[in-house]
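Nothing in this text is a laboratory measurement; each read-out follows from the coordinates by a stated rule. Fair warning: this is a prediction, and the values are worked out from it, not measured in the lab. With ideal geometry, Cβ positions are generated from the backbone for all residues, glycine too; neighbour counts draw on all protein chains shown.
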């Protein structure tokens, strides 16, 4: 399945806007988060930093996606800019474009369950993994390792995991 | 030394404004923080919650103090309200009153070095401990235990510790 | 209540055998452990080291008590000596004297529930706290702080906590 | 490079002795440890358990190797049996055969630097990774993921990492 396009209101940490087509040939990991989601701060974003620092940048691209679906007034781009500075996040971060309801557009297109959500896209632009909540480093490493070895698109089933369940935020994430 | 008064622009999690005089007879712990300070989120505020849940509420009062000295536009009361909700902080939180410069008034009156800062005030309203950065639970417990046993004001020297040093934020706190 | 005497088969990390009477005037913390008890290794002994390094040695004495009640052949003094070396434990450690059954004598005299158990004795030799399993640093700090402030014996009730429950070992300790 | 054979004095947690030839067709992870090595207890063995529980047992086999090179009297098979029981280790564990000096034979054949050491062997019996000290879960996951995807032996360079350095034990392991 082709990964849906990113729909972005604003970018941080990149000189020019990015598209998935631009990143074709690389594995793309999207970390969808909200700056006031405790599980994103304690687990999701540190994991994204770790991926950024573990794999070669010319093979694995890490992108943050600020997908705000609650407390919109509290998580404006002004606040996000300060957050990215204080938490020393240096990979490109996209502000998910507002949708008709409280859900932003990219979040809706990917049918995400909440934040943090982690998306893996292979070199050919196919959606290959979609996790919600805590993700095991060992499992994620195995998935990225598998994608790294691929030379051509394969017909691999989509893997999905999730740990958070009730609506609202808990230690593992924020649920719709 | 008498603890300086709190100078507060707005309160959260309390029906009426609080003063240190109102709290006379209790030990008061003030946790000064900024909502976008990583060390406050990972260490300072969890410690304040732990004190809140460990000691009897009629003997030890925990108060949060939102002392913003940077990124003022990013940490408004609207954002703070969402932060307190998502991080499930239930003790009273005061917004430190803006000062003439970038430093808020209570922070300046206590001569704080940055956030997180932790203040202990005894039953008679005296400033008894002032920590900046990480605080050992064992050390803090011993200090609170000492204050709990006191029946009358004593002439005890002020203890101070600090771990963060360079200006800016690191894992242990945000420094002036 | 007067703390029962230590009944010891062998000492490590001390030139001469110790008695509680020798330590009169100091607060004594006894950390009862087994070298193959996972909760002792992950929580109990690190906490004892922390107490050793946090409080003045002339006021608080930390003593390890190797109270083996299972797998006796696997936790001999020869193995214990290597364990203390590898884990860099430098406070005095007593081997609890074997009893008529599988329970060693000091463990029986203190009516311990298993390992790790933590005992606090005040300056006058009274048993003041008895914890089994995980101990909150904040709580322990408050107890030691209280004992430090005492100048003369007080009539304070014994505090007891416990977290482990089922017989056998789990993350929090090993239960009888 | 073909992985050297295991030279084993005694097995635990398996009905019959195992050889690498028996395991041909599976990826084999060998976790070399000493029961009194702090880094093995805190990091190495928990990682081996995680691999055991993350990947399909018919594709990835986890084997413990008790490679004692110091304190031989303190880490006998009797003590090891109690250790495996208390730490709930259920994968097969081999006692590395004593060598002419203080180094056991398998440890010498693999030219290990100390404990913990982690070895990965591919489906065709080739040595593919050799780590000493702390191993990143993300990195290990990627390596196992890569090996899982291979259908036939490839000519991939051996990866090696190490973190511990000085002789003796520290938090990351025990060094020769």
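What to note about this one:
- Shielding value for C:86-92 is 3, the average number of Cβ atoms from other chains within 10 Å of each residue's Cβ.
- Label-point separation, residue C:22 to residue A:2 (7 Å along Cα→Cβ), nm: 8.1 nm
- Alpha-carbon centroid distance for the pair segment C:11-76 / segment C:82-150, whole angstrom: 6 Å
- The share of C-alpha pairs in segment C:105-146 whose separation exceeds 13 Å stands at 57 percent.
- Length-normalised contact order of segment A:1-62 in % [C-alpha pairs under 8 Å, at least 6 apart]: 35 percent
- Globularity ratio of segment C:78-150, using Cα Rg and 2.2 N^0.38 Å: 1.30
- Oblate is the label for segment B:30-72. Its Cα gyration tensor axes, ordered a ≥ b ≥ c, give a/c of at least 1.5 and b/c at or above a/b.
- Computed label-point distance, nm, for sites residue C:9 and residue D:42 using a 7 Å Cα→Cβ extension: 2.9 nm
- Chain B: angle of helix B:77-86 to the longest principal axis, Cα-based, in degrees nearest 10: 70 degrees
- Sorted shortest first, the separations between the residue A:16 label point and its copies elsewhere in the assembly read 6.3, 6.4, 8.2 nm; each point sits 7 Å from Cα along the Cα-to-Cβ line.
- Every helix of 4 or more DSSP H residues in chain A counts as -39500 (n - 2.57), and over all residues that averages to -6000 deg cm²/dmol at 222 nm.
- Using the empirical formula 2.2 N^0.38 Å as the baseline, the Cα radius of gyration of segment D:47-109 reaches a ratio of 1.26.
- Folded to 0 to 90 degrees: helix C:137-149 orientation relative to chain C principal axis, Cα: 50 degrees
- Across the protein assembly as shown the C-alpha pair distances fall into 20 Å bins from zero in the proportions 16, 40, 37, 7 percent.
- Coarse-grained scattering of chain B at q = 0.12 Å⁻¹, given as base-10 log I(q)/I(0) from a Debye sum over alpha-carbon atoms: -0.49
- In this calculation the C-beta distance from residue A:53 to residue C:88 is compared with R0 = 30 Å, giving a FRET efficiency of 0.45.
- In terms of overall dimensions, segment D:1-81 has a Cα radius of gyration and Dmax of 13.4, 37 angstrom.
- Helix axis angle, A:45-54 relative to chain A longest principal axis, alpha carbon, degrees: 30 degrees
- With the cut-off at under 18 Å, measuring from each backbone N in segment D:1-25 to a point 7 Å along the Cα-to-Cβ line of residue D:97 picks out D:3-12, D:16-23.
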